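Report on the structure given below.
The values are calculated or read from the model by the stated rules, or taken from the named source; none is laboratory data. Nothing here was measured: the structure is a model prediction, and the numbers come from that model. Here the Cβ positions follow ideal geometry from the backbone for every residue, glycine too, while neighbour counts run over all protein chains shown. Each accessible area value is taken on the protein alone, full model and side chains, heavy atoms only, with ligands, DNA and RNA left out. Shrake-Rupley method; radii C 1.70, N 1.55, O 1.52, S 1.80 Å.
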Amino acid sequence: MKHTLLLLTLLTLGSLSAQKRYQPHLQALESKAAEYGEVAQTIWSYAELGYQEEQSSALLQSTLESEGFTIEKGVAGIPTAFLATFGSGGPTVGILAEYDALPGLSQKAVPYKISNDGRGGHACGHHLFGTASTAAAIAVKNYLKKSGKKGTIKLFGCPAEEGGSGKVYMTRAGLFDDLDVALHWHADSKNSAGIRPALANKSAKFRFYGIAAHAAGAPEMGRSALDAVEAMNTMVNMMREHVTDDTRIHYVITRGGEAPNVVPDFAEVYYYSRHSTRDEVIRVFDRIVDAARGAALGTGTTMEYEMIGGTHELLYVPSLQKRMHQNLSRIGGYSYTPEEKAFAEEISKTLNRKLNTEFIEGVVPYETPEKPGGSTDVGDVSFAVPTAGMRAATWVPGTPAHSWQAVAAGGTSIGEKGMMVAAKTLALTAMQLMDDAAFRAQIKKEFIETRGAEFNYIPLLGDREPALDYRN
Ligand SMILES: [Zn+2]
Ligand SMILES: [Zn+2]
């Protein structure tokens, strides 16, 4: 009993001195908030779409290069993907960074909607994601340098998260295989690090080819590719009654003909199918392909489809996730200045809700159940190495992702403050991982148990090359 007490005391003292060790590095990180805020706002203003993030990727690369990281550009056959490395030997901790924007969501940093100019916008906060992860990697580098410890920190520049499945190609190329752990985060309207499932996903563009003809003068000569798209959509919409719970299917018609008096000889529909397990996604997707085949047959057209994206569901490692939550709670939230509060009040009105800053200042309790928040290509990484993520309050409470309100807040100091919460939480977690071999072993054990030792990685998008032109 006495021994246990002594051991506990020593452990507590040990961890106390460790916490003291990290504190100056977290303070140094915080002292660079304005600098990182500028990086994030520059990427926000670029608002480059998936696989077109030349300037955003270059800015993060130069930021890391000037801090002594070695840069490998164009990894996994993707020009805007990169890998920044500092240090040598194990342990090796990776941090993921994203920086792609969404099409058609441009918005100024104001609390009212402006008319859209058709450009992209950072409606998922990936400008903050990329910058905070970069900031965290630099802080961990400084820790390694100062302490003289062995270890490697890697920052992964991951393009085209929004539908482009950038990380899937990076996983397929084995880029994450030598990591002990990979950390990530996401922009959100609250601070949280509990378990939030992500859906597996398979997406494709279905293209139908018909025969053009005068729609009034010679309709019998024509075969409408648009009819095929409509027939396919009708069948898939009927299919919705006969799918498992949790299934999500959505589409947009990306080409539907040019003029009503011309029978369209080309039409295209872009589909997503999702489910909480990848096996069910594969089954649902195959049925969607059958509907496309049936539609082509019935309308006298031909069909081909191109796989665009495919991601695994997200795997959680309980003890690592819990640690992320503890660290987020230790870093804590932030409070609004009067100007930020006024901005948040205005945004809240557009969301039809009363402003509640509980989880801006604080952190959502770990056990709070969370609905799946869509899909992420981090899913594939999470089957390659143990991963953990968190969400930081970069948006006004209640703001959904992919909204103009998200773009707006992300362009203000609210976004920057949330970003620093994430940067510090990731840095703290990564420094602890560098120091704690027993913890790393525990994580690895849990990871293998959850994933299965016999797991064999099969990318849902198959062996296709990166869809570099999917936003063209
Ligand atoms: Zn998104
Ligand atoms: Zn996102």
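Worth pointing out:
- Counting only DSSP H runs of at least 4 residues, each contributing -39500 (n - 2.57), and dividing by the residue count of the chain, the helix-based mean residue ellipticity at 222 nm comes to -14000 deg cm²/dmol.
- Farthest toward the positive end of the dipole of segment 200-311, out of A231, M221, I288, is the Cα of I288, where the dipole comes from beta carbon charges about the Cα centre.
- Using the alpha carbons alone, the radius of gyration of segment 173-231 stands to its Kirkwood radius in an Rg to Rh ratio of 1.38.
- Among the listed pairs K149/K424; K167/K444; K32/K349; K202/K354; K145/K190, those whose Cα-Cα separation exceeds 29 Å are K32/K349; K202/K354; K145/K190.
- Across the chain, C-alpha contacts under 8 Å between residues 6 or more apart give a mean separation that, scaled by the residue count, equals a relative contact order of 22 percent.
- Straightening the chain between E220 and A259 buys 12.3 nm, computed as 0.36 nm per residue apart minus the Cα-Cα spacing.
- Normalising the average separation of contacting C-alpha pairs (under 8 angstrom, six or more residues apart) by the number of residues puts the relative contact order of segment 200-311 at 45 percent.
- Annotation: per residue accessible area for the chain equals 42 Å², rounded to a whole number [probe 1.4 Å, protein chains only].
- Equivalent ellipsoid semi-axes, segment 302-442, via Cα gyration tensor eigenvalues times 5, rooted, Å: 29, 25, 13
- Equivalent ellipsoid of segment 200-311: semi-axes from √(5λ) of the C-alpha gyration tensor, largest first, are 29, 12, 10 Å.
- Positive-end ranking of S106, G151, P79 along the dipole of the chain, with charges on Cβ about the Cα centre, is headed by G151.
- FRET efficiency for E370 and T302, using Cβ-Cβ distance with R0 set to 45 Å, rounded to 0.05: 0.55
- Contact order, relative form, for segment 76-143: 32 percent (alpha carbon pairs under 8 Å, 6 or more residues apart, mean separation divided by residue count).
- Computed magnitude of the charge dipole of segment 200-311 (debye, nearest 20; Cβ of K, R +1, Cβ of D, E -1): 220 debye
- Label-zone membership for segment 285-307, site H242, 7 angstrom Cα→C-beta point, backbone N under 13 Å: 287-288, 290-291
- C-alpha center-to-center spacing [segment 200-267, segment 327-346] in angstrom: 46 Å
- Heavy-atom accessible area with a 1.4 Å probe sorts V252, V243, largest first, into V252, V243.
- Taking the average, over residues, of other Cβ atoms within 10 Å as the packing measure, peptides 94-102, 200-208 rank 94-102, 200-208 from highest down.
- Taking every full run of DSSP H in the chain, the ones that stretch at least 30 Å from end to end by Cα along their long axis and average 0.0 or higher on the Kyte-Doolittle scale are 2-31, 126-147, 278-299, 413-435.
- Remark: the chain projects, on average over all directions, an area of 24.9 nm² (convex hull of Cα atoms).
- Centre separation in Å (Cα based) which lies between segment 372-427 and segment 303-326: 14 Å
- Accessible carbon and sulfur surface of segment 200-311 relative to its total accessible area, %, 1.4 Å: 53 percent
- Listed peptides 150-161, 344-355, 125-136 by packing density, highest first (mean Cβ within 10 Å): 125-136, 150-161, 344-355
- For peptides 41-48, 406-413, 21-28, 214-221, sequence by mean Cβ density within 10 Å, most packed first: 406-413, 41-48, 21-28, 214-221
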